[in-house]
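The values are calculated or read from the model by the stated rules, or taken from the named source; none is laboratory data. It should be emphasised that the depicted structure is a prediction, and the values quoted were computed from it without experimental measurement. In this analysis, Cβ positions are derived from the backbone assuming ideal geometry, glycine residues included, and neighbour counts consider all displayed protein chains.
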Amino acid sequence: MAYQVLARKYRPQRFADVIGQDHVTHTLLNALAQDRIAHGYIFSGHRGIGKTTIARILAMALQCRTHQGTPERPTPEPCGLCDACTEIRAGNAMDVIEIDAATNRGIDEIRELREGARYSPARDRYKIYILDEAHQITDAAFNALLKTLEEPPAHVIFMMATTQPEDIPQTIRSRSQHFSFHAVRFQEIVAQLRSIAEKESVGVDEAALSLLAEAGDGSMRDALSIMDQAIASAPLVNGAHALGASQIRSLMGTVSNQVFENMMDAVKEQNAASMLELAAQLLDAGNSPQQIARQMVRFLRNCLMARLAGTNSDLLQVSDEERARAERVADVFSEEDLTRFLNSMLRTFDDLGYRQEQRFHLELGLLKLVHMQRLLPLEDLFRQLSLPPGADGSSSAATPRLTGTSAAPKHLELPLPRANASSATAPLTARSSAREEFKPPVSPPSETAAPVIADSHPLQGMFASSPGSSPVAHAVAASRPAPVASAPMPQPAQASPPRQEKAPSATPSAVAAAATVPAIAQAEPSPVEADISSVETLPSASQPEPPQATSAPDVEPLHAAMSHALVRGGHETAGYLLEAGTCEWSGNELRVRVGASKTLFEMTYPSQAQQIVREAFRQIAGPGRTVRLEPGDSSPANGKKTRAKAMPVPVTDGETRPQDHPLIRHALQLFSAEVRSVVSLRDPQAPKT
């Protein structure tokens, strides 16, 4: 007799011999015992798990001539001895027609099947049609079978086996009983392979059985096919074949998972050179990049399952040795790290399917695993940025550093700017040199004065910032002085002296000097040139509410503070234009007319710059007052368009040096340029100023 492969030789002949499908066999046995036989069945599931086998066993049980309850057939299981069982097992039964739907899928074949179904069975009880790969049947053929399947003759039973039940029309599925088969568990495959090896007198160790079961991937038929091939290539030891793990790996073209564990060690150490050396060894040994990527994906998946559910979970369908290896890797990396690794390797595996230089793409995918260890979770970064220096015990060094181990998410420690006492008292600069310098009076310290916080003064708040504050707080203040725990409340000793009259106009040089913020920040402390009528402090314990301001603050300190805040916030051009503009109160609203056209205003003052201006204004003016920015050439109320000057600096034909303009001076300094000619764009009919 010709040799019969193991998958056919040990094909189950009874429901009890089928492994891994207890939910199907138990239901069918009960249906046979109760004589509740349906006219249509759909068996779906993974390849090689027993769909067609169970269809044949069910046909044998239905056609068995031995009555149930007899010694030859005590249960609904087929006896396996009668003529019907023998013919079905051999595949030559007249009333059990097995059709390969992959080749007989057209409407003509289905019409022929429908015509034959009208006739009674030749000998047995039923006429049974087994349609293998039923999803291959065309829609027209299914429609032709629909009426027969809905109202078949009493002697006809249809059994359809498929790996893609979703391709079968819903009208067919709704008229049949659908059984979904499960993939065979790893331990069940190992036990079945061990039993077959004993019957075949083949020596095999547990590592080899685990490799065969893992290669089967839930399919008993695939595992038996690989085992049959391995027995043929196995050496003889004492007259019997001996299967080893190394021989099976060589046969399947796979490598030991120890290599992938070494790769994950290279990822942990962020050693890219070691990773590439391991990949080169596998590729030089003849392993294909796709096979390496496939095994790496499986290994990472097992490591992730070990991290999530533990090594004793059924999610790990591997041997005990592989469970221990997966546990060691899972203890090193976090769940997020393993998820990123698996996602990256899946993309690499997909890319290898249509890339020409597969080796390069595999090496690139492995390098990405090393580089992913340098990624930081955004939530950790935001939390570090929102904490004050030293609040979480982190270092306040000038440069960020990484902390933590590779087993947990890393943290990026970014220290916030420290206080600088030399620049904390940087004064405001007057917009005109003709104004009078003024020092706010401060009374001697008092022991009963209430404590004062560093940001209590309305002007001092311009130069103070705190962690987590708005961007303008960092832009206005070059640094922050160390907070004072307790200080006496300053008491005004005398009324403020009267202000001098405002100078007629500011020269361009004075405007440029007032807008030079870096020079202001580094200058020595000097008096604040502003009109300060009183010094506000925070309320003490005996004062529940601070006093409310009764009059609007002077526009000069507001004007200077807003322009300085823009320059410190990185909007230098916007600060120069605002410095050259005008300010005036309109009720509780400060209207700032910027020396710029409408187009230039929209380009120079984005939402961030306007937010900086509002924050600087709010720190001095306090609540209840607003500020509005508008271009210098905005149209008047009557709707008639007039020509408004863009800057308060008059420019005539060569009468005034253009280098005196602050914007031009800044451009000359920035681009190392020079002015060679001056062209006047003034309307000759417009009145000169």
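Just one residue in the set 318, 267 is assigned by TED's automatic domain parsing to the domain that holds residue 350 and modelled with pLDDT of 90 or more; that residue is 267.
For region 182-204, indicate whether the set of residues that are within 23 Å of residue 353 (Cβ to Cβ), without any contact (Cβ under 8 Å) to a residue 12 or more places away in the chain and small (Gly, Ala, Ser) is non-empty. Outline the logic, then answer.
Residues of region 182-204 that are within 23 Å of residue 353 (Cβ to Cβ), as a first pass: none.
Scanning region 182-204, I find no residue that is within 23 Å of residue 353 (Cβ to Cβ), without any contact (Cβ under 8 Å) to a residue 12 or more places away in the chain and small (Gly, Ala, Ser), so the answer is no.
One line per residue, one yes/no per condition, for (1) in a helix (DSSP H, G or I); (2) hydrophobic (A, V, I, L, M, F, W, C); (3) modelled with pLDDT under 90:
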| site | (1), (2), (3) |
| --- | --- |
| 76 | no, no, no |
| 79 | no, yes, no |
| 87 | yes, no, no |
| 93 | no, yes, no |
| 98 | no, no, no |
| 102 | no, yes, yes |
| 105 | no, no, yes |
| 122 | no, yes, yes |
| 125 | no, no, no |
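Picking from 297, 318, 255, which residue would you name as being surrounded by 15 or more Cβ atoms within 10 Å (Cβ to Cβ), β-branched (Val, Ile, Thr) and within 30 Å of residue 379 (Cβ to Cβ)? So that I can check it myself, show each step before the final result.
Numbers: 318 fails: within 30 Å of residue 379 (Cβ to Cβ); 255 fails: within 30 Å of residue 379 (Cβ to Cβ).
None of the others qualify; the one that does is 297.
Which condition from (1) surrounded by fewer than 20 Cβ atoms within 10 Å (Cβ to Cβ); (2) closer than 25 Å to residue 313 by Cβ; (3) under 41 Å from the mean Cα position of the chain (by Cα) is the one that residue 191 breaks? Among (1) surrounded by fewer than 20 Cβ atoms within 10 Å (Cβ to Cβ); (2) closer than 25 Å to residue 313 by Cβ; (3) under 41 Å from the mean Cα position of the chain (by Cα), the lone unmet condition for residue 191 is (3). The one condition from (1) assigned to a helix (DSSP H, G or I); (2) hydrophobic (A, V, I, L, M, F, W, C); (3) over 17 Å from residue 262 (Cβ atoms) that residue 283 does not meet is (3).
Just wondering, is there one or more residues in region 15-27 that are closer than 28 Å to residue 146 by Cβ and in the same structural domain as residue 79 (by TED's automatic domain parsing)? Write out each step before concluding.
First, the residues of region 15-27 that are closer than 28 Å to residue 146 by Cβ: 24, 27.
Checking which are in the same structural domain as residue 79 (by TED's automatic domain parsing) leaves us with 24, 27.
Yes; the residues of region 15-27 include at least one that is closer than 28 Å to residue 146 by Cβ and in the same structural domain as residue 79 (by TED's automatic domain parsing).
Here the condition is being in contact (Cβ under 8 Å) with a residue 24 or more places away in the chain, assigned by TED's automatic domain parsing to the domain that holds residue 261 and under 22 Å from the mean Cα position of the chain (by Cα); of 335, 363, it holds for 335 alone.
Might you check whether a residue that is charged (D, E, K, R), more than 26 Å from residue 182 (Cβ to Cβ) and either in a helix (DSSP H, G or I) or outside the structural domain of residue 17 (by TED's automatic domain parsing) (or both) occurs anywhere in region 212-228?
Filtering region 212-228 for residues charged (D, E, K, R) gives 214, 217, 221-222, 228.
In the following step, the residues that additionally are more than 26 Å from residue 182 (Cβ to Cβ) were identified as none.
No, there is no match, as no residue in region 212-228 is charged (D, E, K, R), more than 26 Å from residue 182 (Cβ to Cβ) and either in a helix (DSSP H, G or I) or outside the structural domain of residue 17 (by TED's automatic domain parsing) (or both).
Within region 580-607, the set of residues being surrounded by fewer than 16 Cβ atoms within 10 Å (Cβ to Cβ), out of contact with any Asp or Glu (no Cβ under 7 Å at 6 or more places or on another chain) and not in a strand (DSSP E or B) comprises 587, 588, 599, 602, 603, 606, 607.
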